[in-house]
Amino acid sequence: MPSRILLLAELPAGDSGKPERSGLAGRLADVLLFAEEPACGELEALITATMAEVLEQKPSGRDANFFLLGGDSLSGSRVISRLADQLCLELQPALLFAYPTARTLAQRLDRLLDEALAPWDDGEAGAAFGRPSPLV
């Protein structure tokens with residue numbers, strides 16, 4: 001279900017006549033940028049900064065949809081790959097399709113971080129190495 005519908009007189013096209021998604025995003029930048037809340041917290045700030053870097057744009061608000069900002073599957077994979085490296089998590093490339101805003105992606109990543117740290121919180125990880133967990 002689309003989040004918004006915009007009617008245009010024409011679409012920007014490349015030399016082959018095929019519509020250019022990046023040209024469309026640039027042309028509609030003022031319409032696509034939401035007057036919304038800035039990123040809230042370190043994780044949302046990291047996500048918005050990473051999205052902005054990959055899309056070569058200024059950071060958007062926490063509810064801006066990555067794909068409405070001009071992102072596609074390739075650039076989305078780069079965002080997820082960079083976040084995985086920075087957070088030391090294994091992340092599926094399709095994660096951004098399910099959680100396309102900084103707010104929703106941060107909520108999901110926060111849960112994944114909690115799950116990754118849970119063995120340390122419970123002392124299981126230290127016991128697996130024959131010593132108590134440093135967090136106990």
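Rule-based calculations on the coordinates, nothing more; no lab input. Quantities reported herein were computed from a predicted structural model and do not represent experimental measurements. Heads up, the Cβs are rebuilt from the backbone with ideal geometry, glycines too, and the neighbour counts pull from every protein chain shown.
³J(HN,Hα) across segment 90-104 via Karplus (A = 6.51, B = -1.76, C = 1.60, θ = phi - 60°), whole Hz, x for Gly/Pro?
With the stated coefficients, segment 90-104 comes to 8, 10, 6, x, 7, 4, 5, 5, 7, 10, x, 10, 4, 4, 6 Hz.
Obtain the nm distance between the two label points defined at Glu90 and Lys18 by a simple spin-label model: each point lies 7 Å from its Cα along the Cα-to-C-beta direction.
Computed distance between label sites Glu90 and Lys18 equals 3.4 nm.
Using the number of other C-beta atoms within 10 angstrom as an exposure proxy, rank Phe97, Phe66 with the fewest first.
The fewest-first ordering by Cβ neighbours comes to Phe97, Phe66.
If each of Asp110 and Leu28 carries a label point 7 Å out from its Cα toward its Cβ, how far apart are those two points in nm?
3.0
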